[in-house]
Structures are given as structure tokens and as C-alpha cells.
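The values are calculated or read from the model by the stated rules, or taken from the named source; none is laboratory data. Please read all numbers here as calculations on a predicted model, not as lab measurements. In this analysis, Cβ positions are derived from the backbone assuming ideal geometry, glycine residues included, and neighbour counts consider all displayed protein chains.
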Amino acid sequence: MVNEERKKQILDAIHNAVVQYDEDQSVMWCKTALQEGLDAYETTMKGLAAGMDTVGELYTRQEYFVPELLLCSDALYAGLDILRPHIRTDSGVHKGKLLLGVVEGDIHDIGKNLVKTMFEASGWEVIDLGKDVKLDRFVEEHKKIKADLVGLSALMTTSMMAIEKAVGMLKAADPEVKVLVGGAPLNQEIATKFGADGYAEDAVSAVKQAGRLIKK
Ligand code: B1M
């Protein structure tokens, strides 16, 4: 196991690779992280996702623009491809079926994909509808597959309003449906106001929250 100093060096290098949109460095340092025994999930969050947070700050300060954001996302995904197979799994246990997607009007899917990764790693079957998903589609697919849980993600204050609508549509179609919501502009208070059954601020707490919701 590496010492704290080396761990920080590796996580910083991954963070910087995302910020500098350097796919090769992202891949190289994520491989190094695994070779040196770092936990794959911690590396994802404290390296790749932390890099994306810095990118967000650069965008807010107008030092980065949309093209840079896209390149940074590519560097994040290149690293995630290396780490994902190593994220610890609860193999052989089927926990439930999650219908997941980013609501209409919103194409931010990095967070949703991390949520998906954690659910799959924890033994859930995930039906991923992708991003910018029309609200009718969540209802139609839920009717077809009878998901144990529907997960809705939104990253913008504008698109988050679609969550309230989607929850209403899902509950009208199936009063028993459980809906979990998440994404940066949301919090527990808003989620409750929108009628959702649960809210989670990150991918790990989403899985824990899901476990609680389907037990009820
Ligand atoms: Co844009 N974007 N973006 N963007 N983008 C934000 C969200 C923004 C906050 C930037 C800013 O202004 N500071 C801002 C929104 C402002 C607002 O709220 N109104 C913004 C904007 C304005 C836009 C555009 C409109 C820009 C434009 O075109 N002028 C446009 C939107 C187009 C559209 O959607 N219709 C746009 C486009 C893009 C890109 C395509 C270039 C790219 C996305 C690439 C992609 O996703 N494939 C992008 C990016 C990368 C960002 C920032 C920089 C990073 C988002 C991210 O991936 N974070 C973002 C600024 C920021 O967040 N600081 C920004 C990392 C990710 C791991 O975190 O997504 O929060 P997050 O996910 C977390 C939790 O939220 C939670 O768990 C995840 C993992 O722990 N979570 C859930 C998420 N979903 C969950 C669901 C759950 C539970 C937990 O249960 C179901």
C-alpha cells in the first residue's frame, strides 16, 4: 500500500490530467493508481470527479468554455474506463432493478454514469435511458419493466424543474413507484418538495438510500 504522500501525488496527477484535458495522462495515472493499490472508487471521486469540480470553477470564471468542458469530460471518461472494472462489487447478489436517466433538457451525464457504476457494482440491474430523456419515456419504461426504483438526475437549476413533473407523472401512473433524485442543484428539501421518495448527494449515498427505499 502506498504512503499518503504518494497517494496524494497520484490523485493530484489524475485531477490535473482531467483539468488539462489530457486523456493519455488520465489513463496512465489511473493505471498507476491501480498498480499501486489505490481504491478504484476513491480514485474516481478524489481524482477524476475532483478534477471536474475544478473544471467547473474555471468555467464559472470564464477561463474555460464549452469546448474545454467536453475535452475534460473525455479525459475523465478515459480514466473511468480503466477504473470502472476495479470498483468493488457485491457479486452474485441481485438487489433490484433501477430505471435511471437524466431528465429532458439536460445533457450532463457524468454524475449519472457514476451513479450507474456504483449501482451495478452493488448488484443492481440498471436500465439506463441516457440523458435528455423525455419525461413520458420514464413512465413508459417503468410500466414495461416495473422497476424497483426510478432514479432521476438533473444538473441545472432549469432542468431540475422537470424532476417535479416527472415525479408527478410517475406517481400518477403507479402510486407505488419509488423515486430517487440527485444532481448538484438539488437537496433534500427540494426533493421532498418535488414529491420524491429519496435524495442522495453522491453515488455512494445513492446506493445506500436505494437500499432503504426498497425495504419499506
Ligand atoms: Co455544463 N453546466 N452546461 N456542461 N457543466 C454546469 C452544470 C454549470 C453549473 C456550470 C456553471 O455555470 N458553473 C451550469 C449550470 C447552471 C445552472 O444550474 N443553471 C452549466 C451550463 C450552464 C451548461 C450549458 C447551458 C452551457 C452552454 O451551452 N452555454 C450546457 C447545457 C446543455 C444542456 O444540458 N442542455 C452545458 C454543457 C456542458 C458540457 C456538455 C460541455 C459538459 C457535460 C459533459 C457530460 O456530462 N457528458 C458540462 C460540464 C462538464 C459541466 C460541469 C463543469 C461539471 C459537471 C460534472 O460532470 N460534474 C458543471 C459545473 C460544476 O458542476 N461544477 C456544469 C462532475 C460530476 C461527478 O458531478 O454531476 O454533480 P455531478 O454528479 C454527482 C452528484 O450530483 C450526484 O452523484 C454524482 C456523483 O457523485 N448525482 C446523483 C448526480 N445525479 C444523481 C442522481 C441520483 C443521485 C445522485 O439519484 C438518481
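Of everything in region 21-66, what is among the polar types (S, T, N, Q) and surrounded by fewer than 16 Cβ atoms within 10 Å (Cβ to Cβ)? Give them in sequence order. Break it down into steps so the answer makes sense when it comes.
Step one: list which residues in region 21-66 are among the polar types (S, T, N, Q), which gives 25-26, 32, 35, 43-44, 54, 60, 62.
Listed by number, the residues that qualify are Q35, T54, T60, Q62.
Kindly provide the set of residues from region 39-56 that are more than 7 Å from the ligand (Cβ to nearest atom) and under 16 Å from A17 (Cα atoms), ordered by number. If you could, list the steps in order and put the result at the bottom.
If we filter region 39-56 for residues that are more than 7 Å from the ligand (Cβ to nearest atom), which is where we start, we get 39-44, 46-48, 50-51, 54.
Result: T43, T44, K46, G47, L48, A50, G51, T54.
This table checks each residue for (1) more than 20 Å from M52 (Cβ to Cβ); (2) among the basic types (K, R); (3) surrounded by fewer than 20 Cβ atoms within 10 Å (Cβ to Cβ); (4) within 15 Å of the chain's Cα centre (by Cα).
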position: A162; (1), (2), (3), (4): yes, no, no, no
position: G168; (1), (2), (3), (4): yes, no, yes, no
position: G182; (1), (2), (3), (4): no, no, no, yes
position: K215; (1), (2), (3), (4): yes, yes, yes, no
In this structure, does V204 turn out to be within 13 Å of the ligand (Cβ to nearest atom), in contact (Cβ under 8 Å) with a residue 24 or more places away in the chain, within 17 Å of the chain's Cα centre (by Cα) and surrounded by 15 or more Cβ atoms within 10 Å (Cβ to Cβ)?
yes
Taking region 113-147, which residues are more than 21 Å from M169 (Cβ to Cβ) and charged (D, E, K, R)?
K116, E120, E125
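Of the residues G101, G151, which is within 16 Å of the chain's Cα centre (by Cα), farther than 23 Å from V18 by Cα, more than 8 Å from the ligand (Cβ to nearest atom) and not in a helix (DSSP H, G or I)?
Working: G151 fails: more than 8 Å from the ligand (Cβ to nearest atom).
Answer to the check: G101.
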When the residues of region 167-190 are narrowed to those that are free of Cβ contacts under 8 Å to residues at least 24 places away in the same chain and not polar (S, T, N, Q), which ends up nearest to K97 (Cα to Cα)?
E176
Among (1) buried (at least 16 other Cβ atoms within 10 Å of the Cβ); (2) touching a residue at least 12 places away in the same chain (Cβ under 8 Å), M1 falls short only on (1)
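Residues are listed down the side, and each one gets a yes or a no for (1) farther than 28 Å from H94 by Cβ; (2) under 17 Å from the mean Cα position of the chain (by Cα):
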{"residue": "I110", "(1), (2)": "no, yes"}
{"residue": "T117", "(1), (2)": "no, yes"}
{"residue": "E125", "(1), (2)": "no, yes"}
{"residue": "L155", "(1), (2)": "yes, yes"}
{"residue": "V179", "(1), (2)": "no, yes"}
{"residue": "I190", "(1), (2)": "yes, no"}
{"residue": "K193", "(1), (2)": "yes, no"}
{"residue": "K208", "(1), (2)": "no, yes"}
For region 58-98, name all the residues that are part of a strand (DSSP E or B) and either within 8 Å of the ligand (Cβ to nearest atom) or of a type in the set (A, V, I, L, M) (or both).
L98
Return the pairs, sorted by first residue and then second, in which the second residue is of a type in the set (A, V, I, L, M) and surrounded by fewer than 19 Cβ atoms within 10 Å (Cβ to Cβ), the first residue lies in region 130-142 and is at positive phi, the beta carbons are less than 8 Å apart, and the residues are 6+ apart or on different chains.
D132/I107
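What residue, among those in region 67-81 that are surrounded by fewer than 19 Cβ atoms within 10 Å (Cβ to Cβ) and hydrophobic (A, V, I, L, M, F, W, C), is modelled with the highest pLDDT? Talk me through it step by step, then tell me what you get.
Going residue by residue through region 67-81, those that are surrounded by fewer than 19 Cβ atoms within 10 Å (Cβ to Cβ) are 67-71, 73-74, 77, 81.
Adding the requirement that they be hydrophobic (A, V, I, L, M, F, W, C) leaves 69-71.
Numbers: L69: 93, L70: 93, L71: 96.
Going through the qualifying residues, I end up with L71.
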